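Student: Quick one: the structure is below, and I'll ask about it shortly.
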Amino acid sequence: MSAGPVLAGPDGRIPDMSAQRRKGGEVMAPIRVGLLGCGVVGTEVVRQLQTQADDLTQRVGAPLELVGIAVRRAKRIPEKAAELGVPESLFTTDSAELVTRGCDVVVEVIGGIEPARSLILSAMEHGASVVSANKALLAEDGATLYAAAEKHGVDLYYEAAVAGAIPLLRPLRESMVGDQVHRVLGIVNGTTNFILSRMHETGAGFTEALEEASALGYAEADPSADVEGFDAAAKAAILASLAFHSRVTAADVYREGITEVSAADVASARDMNSVIKLLAICELSPDGSTIGVRVHPAMIPRSHPLAGVGDAFNAVFVEAEAAGQVMFYGRGAGGGPTASAVLGDLVAVARHKVVGGRGPGESAYAQLAVRPMGETITRYYICLDVAEKPGVLAQVAAAFAEHGVSIQTVRQHGHADDATLVVVTHRAPDSALAATVAHLRTMDAVRAVASVMRVEGDLES
């Protein structure tokens, strides 16, 4: 059984160095680790530091000494200490003091913009490398964190910020850095994927599927960050920044959530042997001059590998010049999976502290502009509630032609008051497609534009 992590005593010193001797009798100084946050992820990080202590020492080349755990509420310290089997003296409510305590590495799992940003910058100023799971902060102000890491000669690692346990960012940042990435396409939010999967499987509406996700713990009390696409947009910004060596923030990402996806949309997708997924799409323009970054629900054919990604799983496709298509798949959230990514980063930066050197910093040399969504070439699925009278189809087709949008397929369902037209377009600028939809909404022959959704891949007619 593992002996557990090295824990500092009340005076900040390690009581016994005998277990830390390595070959030749050399005593290796421990790597001092400060932990900001002890929620679901932080708790699992502490557990893994205990259960894997001996192995982690061998992998790092020195023991990992947990010198402090910062929490918000002092009243929870006795309960948390008992749960984890660590002394209460290890906990503190003074996060600002912890990051100046001489830590070699600070692990940040509190989330949000502030105080996380100030704490990370202070930790770096005091010589600590940082491991973070904070997608929102990295997507909003990653450039500031990178600049601080460069200035103070420390590491900034954040594998856990996107797709949980799935090794995704480091392959983009290191393994594929010699290749040219053309496109990153994926499902990066487990909550929305669970909701859409249940809607497809059971025929439930959005509200019912969200209630089920909440009951199972997949959705937060306030699910807006997930269902409105903010979480996925932050992750898309991080992915695009790494893939295309350019600074991309969450504000640059076109975003739509899944709240408007209806049971009827799901049924229509099923009729076309397709499914609906919330996709994060980052792509290089054909001439390599701009990048597009977007998050929105889209219909994809069942033949697409992402169509079979169900429940709360994540999956990401990377398309590169030499590597071709590479897919990453696994659990994208939860205490265990996220802690796995945190510990992987912790081992990496701790090794750098032992042997010297640093990992890669920011690579934003390309400085590619993010093009507006209106210039993105895409396809639409449009469902129209139309009047049943002669010439309606011709009027609808004329509206598409007026805006330079070509129709790939059109199908009519029902008759008289129940008549609907389902149109799938060819690829066109998103601005032209949006203008076509706006035009259709003004036509007397169109009682309502019942649904509009983007399409990725080739749907069955």
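Student: Which one is nearest to CYS383 (Cα to Cα) among residues in the stretch 422-461 that are of a type in the set (D, E, K, R) and free of Cβ contacts under 8 Å to residues at least 60 places away in the same chain? Outline the logic, then answer.
Tutor: Pass one, the stretch 422-461, residues of a type in the set (D, E, K, R): 427, 430, 441, 444, 447, 454, 456, 458, 460.
Restricting the remaining residues to those that are free of Cβ contacts under 8 Å to residues at least 60 places away in the same chain gives 427, 430, 441, 444.
Working: ARG427: 17, ASP430: 17, ARG441: 12, ASP444: 16 Å.
So, considering only residues that are of a type in the set (D, E, K, R) and free of Cβ contacts under 8 Å to residues at least 60 places away in the same chain, the one nearest to CYS383 (Cα to Cα) is ARG441.
Student: Here is a further query. So which pairs qualify, if the first residue must be in the stretch 327-356 and within 17 Å of ALA29 (Cβ to Cβ), the second must be among the β-branched types (Val, Ile, Thr) and assigned to a helix (DSSP H, G or I), the Cβ gap must be under 7 Å, and the two must be at least 6 apart or on different chains?
Tutor: VAL347/VAL60; ALA350/VAL60; ARG351/VAL60; VAL354/VAL60
Student: Now, a different point. Criterion first (under 22 Å from VAL293 (Cα atoms), assigned by TED's automatic domain parsing to the domain that holds GLY308 and in contact (Cβ under 8 Å) with a residue 40 or more places away in the chain) does ALA232 satisfy it? I'd like the intermediate steps shown before the answer.
Tutor: Details: under 22 Å from VAL293 (Cα atoms): yes; assigned by TED's automatic domain parsing to the domain that holds GLY308: yes; in contact (Cβ under 8 Å) with a residue 40 or more places away in the chain: yes.
Here the answer is yes, as ALA232 does meet what is asked.
Student: As an exercise: evaluate GLY190 against (1) within 29 Å of ARG170 (Cβ to Cβ); (2) out of contact with any Gly (no Cβ under 9 Å at 6 or more places or on another chain); (3) crowded, with 24+ Cβ neighbours inside 10 Å and give the number of the one condition it does not meet.
Tutor: Result: GLY190 passes all but (2).
Student: Only one of these conditions is not met by GLY374: (1) surrounded by 18 or more Cβ atoms within 10 Å (Cβ to Cβ); (2) at pLDDT 95 or above. Which number is it?
Tutor: Of everything listed in (1) surrounded by 18 or more Cβ atoms within 10 Å (Cβ to Cβ); (2) at pLDDT 95 or above, GLY374 misses just condition (1).
Student: From the list VAL452, VAL423, VAL437, which one is at pLDDT 90 or above and surrounded by 20 or more Cβ atoms within 10 Å (Cβ to Cβ)? Before you say what the answer is, go through the steps one by one.
Tutor: Details: VAL452 fails: surrounded by 20 or more Cβ atoms within 10 Å (Cβ to Cβ); VAL437 fails: surrounded by 20 or more Cβ atoms within 10 Å (Cβ to Cβ).
From the options VAL452, VAL423, VAL437, the qualifying one is VAL423.
Student: Can you go through ARG73, ARG32, ARG59 and tell me which one is assigned by TED's automatic domain parsing to the domain that holds GLY112 and either over 24 Å from ARG117 (Cβ atoms) or in contact with a Phe, Trp or Tyr (Cβ under 6 Å, 6 or more places away or on another chain) (or both)?
Tutor: Numbers: ARG73 fails: either over 24 Å from ARG117 (Cβ atoms) or in contact with a Phe, Trp or Tyr (Cβ under 6 Å, 6 or more places away or on another chain) (or both); ARG32 fails: either over 24 Å from ARG117 (Cβ atoms) or in contact with a Phe, Trp or Tyr (Cβ under 6 Å, 6 or more places away or on another chain) (or both).
Checking each option against the conditions leaves just ARG59.
Student: Something else now. Is there any pair linking a residue in the stretch 86-104 that is part of a loop (DSSP other than H, G, I, E, B) to one that is hydroxyl-bearing (Ser, Thr, Tyr) and surrounded by fewer than 21 Cβ atoms within 10 Å (Cβ to Cβ), with Cβ under 6 Å and at least six apart or on different chains, and which?
Tutor: Filtered contacts from the stretch 86-104: VAL99/SER122.
Student: Looking at (1) assigned by TED's automatic domain parsing to the domain that holds LEU284; (2) touching a residue at least 40 places away in the same chain (Cβ under 8 Å), can you tell me which one PRO305 breaks?
Tutor: Among (1) assigned by TED's automatic domain parsing to the domain that holds LEU284; (2) touching a residue at least 40 places away in the same chain (Cβ under 8 Å), PRO305 violates only (2).
Student: Scan the stretch 105-139 residue by residue and report those that are part of a loop (DSSP other than H, G, I, E, B) and either of a type in the set (Phe, Trp, Tyr) or over 17 Å from ALA149 (Cβ atoms) (or both). Step through it out loud before you land on a result.
Tutor: Here is the first cut: in the stretch 105-139, the ones part of a loop (DSSP other than H, G, I, E, B) are 109-115, 126-128, 133-134.
Those that are part of a loop (DSSP other than H, G, I, E, B) and either of a type in the set (Phe, Trp, Tyr) or over 17 Å from ALA149 (Cβ atoms) (or both): VAL109, ILE110, GLY111, GLY112, ILE113, GLU114, PRO115.
Student: Please pick out the residue among ASP311, ASP345 that is in contact with a helix residue (DSSP H, G or I) (Cβ under 7 Å, 6 or more places away or on another chain) and modelled with pLDDT of 95 or more. Spell out the reasoning first.
Tutor: Details: ASP311 fails: modelled with pLDDT of 95 or more.
Answer to the selection: ASP345.
Student: Among the residues that make up the stretch 200-211, is at least one of them free of Cβ contacts under 8 Å to residues at least 60 places away in the same chain, surrounded by fewer than 24 Cβ atoms within 10 Å (Cβ to Cβ), touching a Lys or Arg at 6+ places or on another chain (Cβ under 8 Å) and hydrophobic (A, V, I, L, M, F, W, C)?
Tutor: Yes, the stretch 200-211 has at least one match.
Student: Would it be correct to say that ARG198 is basic (Lys, Arg), more than 29 Å from ALA320 (Cα to Cα) and assigned by TED's automatic domain parsing to the domain that holds ALA240? Break it down into steps so the answer makes sense when it comes.
Tutor: Numbers: basic (Lys, Arg): yes; more than 29 Å from ALA320 (Cα to Cα): yes; assigned by TED's automatic domain parsing to the domain that holds ALA240: yes.
For ARG198, the condition - basic (Lys, Arg), more than 29 Å from ALA320 (Cα to Cα) and assigned by TED's automatic domain parsing to the domain that holds ALA240 - is met.
Student: While we're here: Test GLY404 against the stated conditions and say whether it is modelled with pLDDT of 95 or more and on the phi > 0 side of the Ramachandran plot. Quick ask: steps written out before the conclusion?
Tutor: Values: modelled with pLDDT of 95 or more: yes; on the phi > 0 side of the Ramachandran plot: yes.
Taking the combined requirement at face value, the residue satisfies it.
Student: Taking helices (runs of 4 or more DSSP H) that fall entirely within the stretch 215-279, which contain at least 1 residues that are in contact with a His (Cβ under 7 Å, 6 or more places away or on another chain)? Don't jump to the end; show me each part of the working.
Tutor: Working: elements: 224-227, 230-244, 263-271.
Output list reads 263-271.
Student: Also, quick follow-up: Working only within the stretch 252-285, note down all residues that are out of contact with any Leu (no Cβ under 6 Å at 6 or more places or on another chain) and hydroxyl-bearing (Ser, Thr, Tyr).
Tutor: The answer is TYR254, THR259, SER262, SER268, SER285.
Student: Please work out which residue is farthest from THR202 (Cα to Cα), limiting yourself to the stretch 275-302 and to residues that are among the small types (Gly, Ala, Ser) and under 24 Å from the mean Cα position of the chain (by Cα). Working first, answer last.
Tutor: Step one: filter the stretch 275-302 for residues among the small types (Gly, Ala, Ser), giving 280, 285, 288-289, 292, 298.
Cutting the leftovers down to under 24 Å from the mean Cα position of the chain (by Cα) gives us 280, 285, 292, 298.
Numbers: ALA280: 25, SER285: 38, GLY292: 34, ALA298: 19 Å.
Per the criteria, the residue is SER285.
Student: Of the residues in the stretch 66-85, how many are surrounded by 13 or more Cβ atoms within 10 Å (Cβ to Cβ) and either touching a helix residue (DSSP H, G or I) at 6+ places or on another chain (Cβ under 7 Å) or under 25 Å from LYS353 (Cα atoms) (or both)? Working first, answer last.
Tutor: Initially, the stretch 66-85 is screened for residues surrounded by 13 or more Cβ atoms within 10 Å (Cβ to Cβ), giving 66-71, 76-77, 80-81, 83-84.
Going one step further and asking which of them are either touching a helix residue (DSSP H, G or I) at 6+ places or on another chain (Cβ under 7 Å) or under 25 Å from LYS353 (Cα atoms) (or both), we end up with 66-71, 77, 81, 84.
So the answer is 9.
Student: Are any of the residues in the stretch 168-176 touching a residue at least 12 places away in the same chain (Cβ under 8 Å) and small (Gly, Ala, Ser)?
Tutor: No, the conditions are met nowhere in the stretch 168-176.
Student: Here is a further query. Using beta carbons and a limit of 7 Å, which pairs, at least six apart or on different chains, have the first residue in the stretch 134-148 and crowded, with 20+ Cβ neighbours inside 10 Å and the second one part of a helix (DSSP H, G or I) and hydroxyl-bearing (Ser, Thr, Tyr)?
Tutor: Qualifying pairs under 7 Å: GLY142/SER241.
Student: Oh, and also: Can you find a residue in the stretch 228-247 that is more than 13 Å from HIS296 (Cβ to Cβ) and at pLDDT below 95? Talk me through it step by step, then tell me what you get.
Tutor: So in the stretch 228-247, the residues more than 13 Å from HIS296 (Cβ to Cβ) come out as 231, 234-235, 237-247.
Subset that is at pLDDT below 95: none.
No.
Student: When ALA366 is evaluated against the numbered criteria (1) in contact with a helix residue (DSSP H, G or I) (Cβ under 9 Å, 6 or more places away or on another chain); (2) at pLDDT 95 or above; (3) assigned to a helix (DSSP H, G or I), which criterion, by number, is the only one it fails?
Tutor: (3)
The values are calculated or read from the model by the stated rules, or taken from the named source; none is laboratory data. All figures in this text were calculated on a predicted structure; none of them were measured in a lab. All Cβ positions, even for glycine, are placed from backbone atoms using ideal geometry, and neighbour counts span all protein chains on display.
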